[in-house]
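Here's the structure, in structure tokens; my notes come after.
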Amino acid sequence: MLFRPAFEPEAKIADVVHQLLRDRSIDRAFAFQDNLRDVGLTSLDMTNLVLSVEAEFAIRIPDRAITPANFTSVATIGRLVASLSSADGATTPVANVATGC
């Protein structure tokens, strides 16, 4: 049996958050558990974060899952992305979700 590492999207999500902060000339460190609003993200940044996470992981986040609770921190977004991933560790492609195929 082959060992398959757990799907851990937090590092990529943190990169996305860092880029959003850099776009606003904010350069600060943060932990995966830190509240993203406290880190410096605005409401508009949070919208861009949803779109960026979808693009980064080639997934579509259902509207019902786009809640403040799911986007509080890198850790909560990581749990959401992991829960949307399939059993084999691959994420659901946007085209499959959008077309229903």
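The values are calculated or read from the model by the stated rules, or taken from the named source; none is laboratory data. Model, not experiment: these values are computed from the prediction. All Cβ positions, even for glycine, are placed from backbone atoms using ideal geometry, and neighbour counts span all protein chains on display. The accessibility values were calculated without ligands, DNA or RNA, using every heavy atom of the protein model including side chains. Shrake-Rupley method; radii C 1.70, N 1.55, O 1.52, S 1.80 Å.
Would you call Leu80 assigned to a helix (DSSP H, G or I), at pLDDT 95 or above, touching a helix residue (DSSP H, G or I) at 6+ places or on another chain (Cβ under 7 Å) and surrounded by 16 or more Cβ atoms within 10 Å (Cβ to Cβ)? Walk me through how you get there before you give the answer.
Values: assigned to a helix (DSSP H, G or I): yes; at pLDDT 95 or above: yes; touching a helix residue (DSSP H, G or I) at 6+ places or on another chain (Cβ under 7 Å): yes; surrounded by 16 or more Cβ atoms within 10 Å (Cβ to Cβ): yes.
Yes; evaluated as a whole, the condition is true for this residue.
Under the condition of being more than 16 Å from Glu10 (Cβ to Cβ) and hydroxyl-bearing (Ser, Thr, Tyr), the residues counted in segment 42-82 number 4. For segment 29-43, a residue qualifies if it is modelled with pLDDT of 95 or more, in a helix (DSSP H, G or I) and open to solvent by 20 Å² or more (accessible area, probe 1.4 Å), and the qualifying residues are Arg37, Asp38. Only one of the listed residues (Ile61, Ile13, Ile26) is at pLDDT 95 or above and not in a helix (DSSP H, G or I). That residue is Ile61. Do we have Ile61 as touching a residue at least 60 places away in the same chain (Cβ under 8 Å) and under 13 Å from the mean Cα position of the chain (by Cα) here? No, not satisfied.
Within segment 9-23, residues that are under 12 Å from Asp45 (Cβ atoms) reach partners that are of a type in the set (S, T, N, Q) with beta carbons closer than 8 Å, at six or more positions or on different chains, in the pairs Val16/Ser52; Gln19/Ser52; Leu20/Asn48; Leu20/Ser52.
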